[in-house]
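Here is the structure we will look at.
The values are calculated or read from the model by the stated rules, or taken from the named source; none is laboratory data. Everything numeric in this text was worked out from a predicted model, so none of it was measured. Neighbour counts are summed over all protein chains in view; Cβ atoms, including those assigned to glycine, are modelled from backbone coordinates with ideal geometry. When the accessible area is computed, the model is the full protein with side chains, heavy atoms only, and any ligands, DNA or RNA have been set aside. Shrake-Rupley method; radii C 1.70, N 1.55, O 1.52, S 1.80 Å.
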Amino acid sequence: MTQGHTEAEAQRRIVALRDEINRHNRLYYELDQPEISDAAWDALMRELLALEAEFPHLVTPDSPSQRVGGKPAEGFVKVRHEIPMLSLANAYSPEEMREFDRRVRELVGDAVTYVCELKIDGLAVSLRYEDGVLVRGATRGDGETGEDITANIRTIRSVPLRLSQPITLEVRGEAYLPKPAFEQLNAAREARGEPLFANPRNAAAGSLRQLDPKVAARRGLAVFVYALADASVPTPETHSEALRWLASLGLPINPETAVYTEIESVLHHIESWAQRRHELPYATDGMVVKVDRFAAQQRLGFTAKSPRWAIAYKYAAEQAETTLREILLTVGRTGVVTPTAVFHPVQLAGTTVSRASLHNEDLIRERDIRVGDTIVVQKAGDIIPEVVRSLPERRTGAEVPFAMPSACPACGERLLRLPEEAAWRCVNPSCPAQVRERIIHFASRDAMNIEGLGEQWVSQLMDAGLVRDAADLYQLTAPQLTQLERMGEKSAANLVAAIERSKGNSLERLLFGLGIRLVGEKAARTLARHFGTLDALASADVAALTEVPDIGPKMAESIRGFFANPAAAALVARLQAAGLNTRYLGPTAGPAAAADGGAGTSEIDSPFAGKTVVLTGTLSRFDRKQASEWVEQLGGTVTGSVSKNTDILIAGEKAGSKLAKAEQLQATGAPLEVWDEERFVAALRKAGMAPDGAEGAADARGGD
Ligand code: IVH
């Protein structure tokens, strides 16, 4: 693309691109007024990177290409890192580690001590304590500007809200999702037909950047602090002592640190963890080696991107060869048929694996995977097994290419592949495999939360002919249940009680449990809040549905389609006849609310619960989208226009016609309230929402 530039042309273009990108970064990060799309920004950056790759000597340390990528998500308040959050240079071999050691010794002399720490596979966070109190948690973002995620950080149990001493300090660490929590999360997503997280890192990032702290709270995140960035009191002289000191203040420090004076000992330590690390309950992808003495760190300093006093040794993803025995097809809740590779068991990253999802037909074709092939398998993010490739050179001729069958493996009905989809679907809505998955989803924790009704029991109940759909669950009796293999009287009574309890759930759980295509947990909540009853929702037309904020035309069509389908309507009628509650019981009500882990809005005195709120004008501290999210998290409904149903109008600077309309309504005696930004922020603060950060961000910009 850039071939053929003379150096002078390239130089001119590089300077122009840098100015342009810096200007857009300022517009984006500091002014929150982007002028171009992310895609257009990416294109500028790509052009710059290409030119710099062609003329490497034109690269300067201050080029925007030298920053670490990643933009704050819309909806989070931005936070400037006074001390930038850097990343580390990587090493992939002992030789590169020895090279690092030579550079260090050249600069600081031979008396060096190294600290080895496991490299936790999560994402970097910065925690700030003032007078011992946690006041801010932030993501790295681009290293200079991150996102205020205080509300989510506060939900992490391993992060103390108060230190053992009233010190002001800032620390850096890694937020991660422990392996069991990751597996549970993915299992739940799979049961709901949602896309899986590829590795714990993505899952942790996704969880921390949840706008709803309640969701983040449920994910089970944890943190290890690995660095002291700044403190108000004199601090130790070495990193290893600093870690001990931070631990004594109550901060979570990874226990597996070791100190050595020789690089060969460091290498031995690295080697000794290559296998052992898989036994840890969290994912690691390397070993970080840091010069211990702060004075030496200072002398070594930084390159444009990373400190010269530390390096990350990365373990290679472990791979193994095995033979593919068969490709198994499973039918999900929405009829999607997923191929799974079943291979001879192999040891990989600490466990024995014998299966890996192949996702879809196209992937099998692209990787030319045939039954009988010798295949290479690895674990993505050290957790999820995947088939990397086949080894065609090992073929004997007996291998069988894969072809998707034309009939459903569970019910024999036709399979259909829609032109825009990679997946094949079974078109039979009463396919027993789909029905089974639908019932499992209906009973799952985030839906009707019927405790004790796992996959095994659903299968047994279906095999025994006791259950054909979710409504049948409500006809089950304890004597029927005790007929099942391994079901005692006590468990039967518990299960019947759990089923009975679920009748009292608030509407959003039922809605989510029905498994309407495209309707996830959040949309279910929005719909329940907006329509109030199942009947009102069932009779809403597409126009009424798309009026609801966040409900797009596709989802509206899907909801309409669901209720217009006679089989679905019959199921709903039977659930109603069984005595299930079909009303929205408010943000905290319903017996299953306790499953929110106690971090729900129930503990918060919410000024917006049940209120209809309109936002208008310019808010100075955050954008309107963020403000809407907060109102919704606090149980309010945000709508776009002022009417007599509006309870609160939040009016920022330059509010226009909506404010006029509200004042007009007030004049006619409507109980509508008009709030300015100050009052809104005060209300948010009182309700425990992110306003500390909002203030922090305003301060950082030297604002109000
Ligand atoms: S030290 C200025 N120590 O790995 C040095 N990083 O690119 C800051 N990480 O961004 C990093 N475990 O998110 C350090 N024990 C550890 C770590 C660690 C994981 C992450 C961190 C950093 C990335 C390195």
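So the values come out like this:
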item	result
Where the chain is the region considered: accessible area per residue in Å², 1.4 Å probe	46
Solitary cysteines of the chain, where the nearest other Cys Cβ is not under 4.7 Å	Cys116
From phi via Karplus (6.51, -1.76, 1.60), per-residue ³J(HN,Hα) for the stretch 86-100 in Hz, x at Gly/Pro	9, 10, 10, 6, 9, 10, 10, 8, x, 4, 5, 5, 5, 4, 4
Carbon/sulfur fraction of accessible area - the chain, other protein chains in place, 1.4 Å, %	51
Three-way shape label, the chain, alpha-carbon gyration tensor, a/c 1.5	oblate
By accessible area with a 1.4 Å probe, ligands and nucleic acids excluded, highest first: order of Val674, Val467	Val674, Val467
Shape of the stretch 237-324, Cα gyration tensor, a/c cut at 1.5	prolate
Candidates per trypsin sites (Lys or Arg not before Pro) in the stretch 491-551, loop by DSSP, up to 16 other Cβ within 10 Å	Lys503, Arg517
Local electrostatic count at Arg367 - Lys and Arg +1, Asp and Glu -1, tallied over other residues with Cβ under 11 Å	-2
Shape category assigned to the stretch 616-672 from the gyration tensor of Cα positions, a/c cut at 1.5	oblate
Base-10 log of normalised Debye intensity for the stretch 426-534 (one unit scatterer per alpha-carbon) at q = 0.19 Å⁻¹	-0.96
Beta bridges by DSSP in the chain, antiparallel share as percent, to the nearest 5	85
Links that overshoot a 21 Å alpha carbon limit, given the list Lys119/Lys305; Lys503/Lys554; Lys522/Lys611; Lys179/Lys314	Lys503/Lys554
Sequence of Arg486, Arg414 when ordered by accessible area, the most exposed leading, probe 1.4 angstrom	Arg486, Arg414
Surface accessible to a 1.4 Å probe, Phe531 within the full protein complex, Å²	40
Within-9-Å neighbourhood charge of Cys116 [Cβ basis; K, R +1; D, E -1]	-1
Value of [θ]222 nm, deg cm²/dmol, for the chain, DSSP H segments ≥ 4, -39500 (n - 2.57) each, nearest 500	-10500 deg cm²/dmol
Mean Cβ neighbour count within 10 Å, used as a protection proxy, ranking 469-478, 315-324 highest first	469-478, 315-324
FRET efficiency, Gln666 to Glu190 (Cβ-Cβ, R0 56 Å, nearest 0.05)	0.65
Inter-probe distance in nm under a simple model that places probes 7 Å from Cα toward Cβ, at Gln483 and Ser558	3.7
Two-site label geometry, Glu413 and Ala89: point separation in nm, points 7 Å out along Cα→Cβ	6.1
